[in-house]
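Have a look at the structure below before the remarks.
The values are calculated or read from the model by the stated rules, or taken from the named source; none is laboratory data. Just so you know, these numbers come straight off a predicted model, no measurement behind them. Positions of Cβ are generated from backbone atoms using ideal geometry, with glycine treated the same way; all protein chains shown enter the neighbour counts. Ligands, DNA and RNA are excluded from the accessible area calculation, which covers all protein heavy atoms including side chains. Shrake-Rupley method; radii C 1.70, N 1.55, O 1.52, S 1.80 Å.
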Amino acid sequence: MEKGSEKLSDKLLNIFLKKRNLYLILIIILALVLRIILAFNIDPIADEMNVAVRSIGVHKSGTMNSVDESHSYYFLTEIFYKLTGYINLITARFPSIFFGLLSILMIYLIVRKLYKSEKIAIVAAFLVAISVFQIKYSLAEMDITMAFFVLLSSYTFLSAIYDKKEYMYYLSALFLGLAIAIKTFAGIWVLTYF
């Protein structure tokens, strides 16, 4: 049993020590630090107060949307409230920080698939990690989370085309549907698939 666990630990160590993975991990750590600094040092904005308050107990509201927007993001924020055990502005910002970090990974994967270059993909991931827009919208906003699902949809769509995996078209549609459920203007992305 120890030999099997040694092999697994060796595999994990090799994954982290590969140069490209190390760069990607460092980029994501940098992105996390920048977003945490912002989360703890910026005053709340109006949309954040809306999200932070509307997310409390949204699963008990009995509705899936209101006149102005879907409740999907509120459900997501409430999950983070439950996971952390706290209801405050910092935990309301966690979903955007989390999905913003995953967006960096998605940019890396998309660029690597399109350009077949590790260097270009690493540079693209770095630029997204330090992007002022990405960092600023890592507040309790729906935009970064919606963008992650659009990127995930795009990646699965590209996988369907480049890797000839037809089932990826269905995953792409599912992820785009999730993006639209979070923020409806993601629906415009459908036009790019034709």
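Calculate, for Asn41 and Tyr115, the FRET efficiency according to 1/(1 + (r/R0)^6) with r their C-beta to C-beta distance and R0 25 Å; round to the nearest 0.05. Please list the in-between numbers first.
On the way: r = 36 Å, r/R0 = 1.43.
Efficiency, rounded to the nearest 0.05: 0.10.
Using helices alone, I'd like the mean residue ellipticity at 222 nm for the chain: each DSSP H run of four-plus residues gives -39500 (n - 2.57), total over residue count, nearest 500. Display every interim value, and only then the final one.
Details: 9 runs with 141 residues, N = 194.
It comes out at -24000 deg cm²/dmol, rounded to the nearest 500.
Relative contact order for the chain using alpha-carbon pairs under 8 Å, separation at least 6, rounded to a whole percent?
Details: 224 pairs, mean separation 40.5, N = 194.
For the chain, the relative contact order is 21 percent.
Give me the extension gain from Ile79 to Ile29: residue separation times 0.36 nm, minus the current Cα-Cα distance, reported in nm with one decimal. Could the numbers behind the result be given before it?
On the way: separation 50, 0.36 × 50 = 18.00 nm, distance 2.34 nm.
Length gained between Ile79 and Ile29: 15.7 nm.
Only helices at least 30 Å long along their own axis, judged from Cα atoms, and with Kyte-Doolittle mean hydropathy of -0.5 or greater: name those in the chain from DSSP H. Could you put the intermediate results ahead of the total?
Numbers: long enough: 19-41 (33 Å, 1.87); 89-115 (39 Å, 1.55).
Correct list, ordered by number: 19-41, 89-115.
Heavy atoms only, 1.4 Å probe, whole protein assembly: order Ile27, Ile107 by accessible area, highest first. Mind showing how you got there, number by number?
Working: Ile27 15, Ile107 35 Å².
Ranking Ile27, Ile107 by accessible area, largest first, yields Ile107, Ile27.
Roughly how many Å² of Met49 are accessible to a 1.4 Å probe, to the nearest 10?
For Met49, the solvent-accessible surface is approximately 90 Å².
Using a 1.4 Å probe and ignoring any ligands, DNA or RNA, find the accessible area of Leu127 and quote it in Å² to the nearest 10.
Surface accessible to solvent at Leu127 totals approximately 100 Å².
Calculate the FRET efficiency for Val132 and Lys7 from the Cβ-Cβ distance with a Förster distance of 45 Å, rounded to the nearest 0.05. Present the calculation step by step, with values, prior to reporting the outcome.
Working: r = 43 Å, r/R0 = 0.97.
Here the calculated transfer efficiency is 0.55.
Rounded to the nearest 0.05, what FRET efficiency do Asn21 and Tyr162 have when you use their Cβ-Cβ distance and R0 = 22 Å? Intermediate results must be reported in sequence, preceding the final value.
On the way: r = 22 Å, r/R0 = 0.98.
Computed FRET efficiency for Asn21 and Tyr162 comes out at 0.55.
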